[in-house]
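Enquirer: Here's a structure for you.
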Amino acid sequence: MRPEVLEIFQESYRELRLNASLPELKVEFFAFANVNNTIRLRNGRILVRLSDLLEGAPENILRAIAHILLAKMYQQPIDRTYAARYRKYIGSRDIMRKAHLVRQMRGRKRLRSARGHFYDLETIFEELNTRFFHGLMARPLMSWSQTRTRRILGHYDPAHNAIIISRVFDHPQVPRYVLDYIVYHEMLHLKHPVTLRGSRRCVHSAEFQAEERLFPKAAEAEAFLKRL
Ligand SMILES: [Zn+2]
């Protein structure tokens with residue numbers, strides 16, 4: 001957080017409410033799905049959340065936002081100069097383009113899709129199918145995850161017969177063999193269903209692991225994933 005952002009809000013507060021004492025203020029940038037800014041007063045404390053799209057905004061724009069949000073909250077008239085300045089900035093081509101991208105990435109209504117920005121999971125599945133499974137594997141639903149999780153690389157969902165791969169790997173800096181390795185692992189889940197050994201579920205059986213080691217660049221892929 002740039003320290004001056006908080007100062008801007010404090011100054012704006014003093015301008016609007018000359019005689020009132022300054023309450024505790026917290027300002028943070030937040031990954032909204034859109035250009036969105038919120039303000040609320042809770043237990044005498046003002047909480048402001050600004051769209052992270054505005055993180056690099058010039059000072060005069062932040063000043064305009066501070067004024068607009070505070071004026072709204074205290075039901076004061078909004079200065080037209082500030083309102084116009086803010087609207088102009090939000091409407092600028094650069095911000096519109098960023099907002100569009102963010103909506104695509106964060107929007108909830110987004111359909112699941114095998115086609116990412118860089119990699120197409122169906123193509124990857126078919127190539128691996130030919131290389132390792134004699135083209136015999138029936139293709140499940142292939143999809144990038146909705147969120148960019150790092151914790152889960154991918155998973156096979158037998159209930160929906162779907163392979164979901166974390167969207168973090170749809171990136172030009174991710175080598176193709178790393179993504180292949182992740183998809184290959186999930187394909188092995190299709191081939192080796194979970195078995196029960198006594199009362200224990202065996203997810204990665206000895207056969208599964210032996211077959212996983214057949215992947216030519218397994219060690220390099222593991223090393224890349226560890227650095228992630
Ligand atoms: Zn697994």
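The values are calculated or read from the model by the stated rules, or taken from the named source; none is laboratory data. Because the structure is a prediction, the values reported are computed rather than measured. With ideal geometry, Cβ positions are generated from the backbone for all residues, glycine too; neighbour counts draw on all protein chains shown. Keep in mind that these areas ignore ligands, DNA and RNA; they rest on the heavy atoms of the full protein, side chains included. Shrake-Rupley method; radii C 1.70, N 1.55, O 1.52, S 1.80 Å.
Enquirer: Tell me which of these residue 153 doesn't satisfy, since it passes every other one: (1) free of Cβ contacts under 8 Å to residues at least 60 places away in the same chain; (2) farther than 15 Å from residue 127 by Cβ; (3) out of contact with any Lys or Arg (no Cβ under 9 Å at 6 or more places or on another chain).
Expert: Here residue 153 clears every test but (1).
Enquirer: Go through the residues of region 81-97 one by one and say whether even a single one is in contact (Cβ under 8 Å) with a residue 40 or more places away in the chain and loosely packed, with under 12 Cβ neighbours inside 10 Å.
Expert: No: zero hits.
Enquirer: Hey, another quick one. Using the structure shown, decide if residue 148 is modelled with pLDDT of 95 or more, basic (Lys, Arg) and either touching an Asp or Glu at 6+ places or on another chain (Cβ under 6 Å) or under 22 Å from residue 123 (Cα atoms) (or both). Please lay out each step first, then the result.
Expert: Values: modelled with pLDDT of 95 or more: no; basic (Lys, Arg): yes; either touching an Asp or Glu at 6+ places or on another chain (Cβ under 6 Å) or under 22 Å from residue 123 (Cα atoms) (or both): yes.
Criteria not met by residue 148.
Enquirer: Name the one entry in 62, 101, 70 that is free of Cβ contacts under 8 Å to residues at least 60 places away in the same chain and either open to solvent by less than 50 Å² (accessible area, probe 1.4 Å) or over 28 Å from residue 145 (Cβ atoms) (or both).
Expert: Of the residues listed, the single one that is free of Cβ contacts under 8 Å to residues at least 60 places away in the same chain and either open to solvent by less than 50 Å² (accessible area, probe 1.4 Å) or over 28 Å from residue 145 (Cβ atoms) (or both) is 62.
Enquirer: Can you list the strands (runs of 3 or more DSSP E) lying wholly within region 1-56 that have 3 or more residues being touching a Gly at 6+ places or on another chain (Cβ under 7 Å), among the acidic types (Asp, Glu) and open to solvent by 40 Å² or more (accessible area, probe 1.4 Å)?
Expert: Strands (runs of 3 or more DSSP E) meeting the threshold: none at all.
Enquirer: Hey, another quick one. Based on what the data block shows, is residue 88 more than 30 Å from residue 144 (Cβ to Cβ), in contact with a strand residue (DSSP E or B) (Cβ under 7 Å, 6 or more places away or on another chain) and not hydrophobic (A, V, I, L, M, F, W, C)?
Expert: No; evaluated as a whole, the condition is false for this residue.
Enquirer: Among the residues of region 121-149, write down those that are of a type in the set (Phe, Trp, Tyr) and in contact with a Gly (Cβ under 7 Å, 6 or more places away or on another chain).
Expert: 144, the sole residue that qualifies.
Enquirer: Further question: Keeping to region 109-120, report how many residues are surrounded by fewer than 15 Cβ atoms within 10 Å (Cβ to Cβ) and modelled with pLDDT of 90 or more.
Expert: So the answer is 3.
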